[in-house]
1. Which of the following residues is assigned by TED's automatic domain parsing to the domain that holds residue 8, modelled with pLDDT under 95, under 14 Å from the mean Cα position of the chain (by Cα) and under 30 Å from residue 1 (Cβ atoms): 71, 46?
2. Can you list residue pairs whose Cβ atoms sit under 6 Å apart, with the first residue in the range 49-66 being assigned by TED's automatic domain parsing to the domain that holds residue 11 and the second being surrounded by fewer than 18 Cβ atoms within 10 Å (Cβ to Cβ) and in a helix (DSSP H, G or I)? Count only pairs 6 or more apart in sequence or on different chains.
3. Can you name every residue in the range 1-13 that is buried (at least 16 other Cβ atoms within 10 Å of the Cβ) and over 15 Å from residue 65 (Cβ atoms)?
4. Restricting attention to the range 26-42, which residues are over 17 Å from residue 63 (Cβ atoms) and in contact with a helix residue (DSSP H, G or I) (Cβ under 8 Å, 6 or more places away or on another chain)?
C-alpha cells in the first residue's frame, strides 16, 4: 500500500469508528472531553505507525485497543498524581510538629482566600 492509500484507510476508518470509540471511552472515563482526547491520541498513533508498518487487518479494533490503552494510562497517571498530591504523613518525625505545620498551612490558605474574596 502506498502512503496515500494508508491515509485514505485511516480517514475512512476514523470516520466510521470514531463515534464508537468515543462512546466506549466515555463510558470508561465518564468525561466526553477526555474521551475525545484519548481517541485522538489513538488516531495520532495510527498516523505514526501505519504508514511504516501498513494498516492492520482490523483497523477499527486496532484504534479501539489503542484508545483503551490510552485510557488505562490516563487512570494510572491520575492515580499517581493523586498520590503525589496527598498530604505527607511520614515525612516529619513528630506528629505534633506535623499538626502545627498543618494548622499554619490552613491558616495561611484561609488568609489568602479571604484576601481574594474581598
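The values are calculated or read from the model by the stated rules, or taken from the named source; none is laboratory data. Small disclaimer: the values here were computed from a predicted structure and weren't measured. Glycine also receives a Cβ, built like all others from the backbone with ideal geometry; neighbour counts cover every protein chain displayed.
1. After applying the criteria, what remains is 71.
2. Pairs that qualify, where the first residue is assigned by TED's automatic domain parsing to the domain that holds residue 11 and the partner is surrounded by fewer than 18 Cβ atoms within 10 Å (Cβ to Cβ) and in a helix (DSSP H, G or I), are 51/3; 55/9; 66/45.
3. Hits for the range 1-13 are 6, 9, 10.
4. 32
Residues are listed down the side, and each one gets a yes or a no for (1) at pLDDT below 95; (2) over 23 Å from the mean Cα position of the chain (by Cα):
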residue	(1), (2)
3	yes, yes
10	yes, no
15	no, no
21	no, no
30	yes, no
34	yes, no
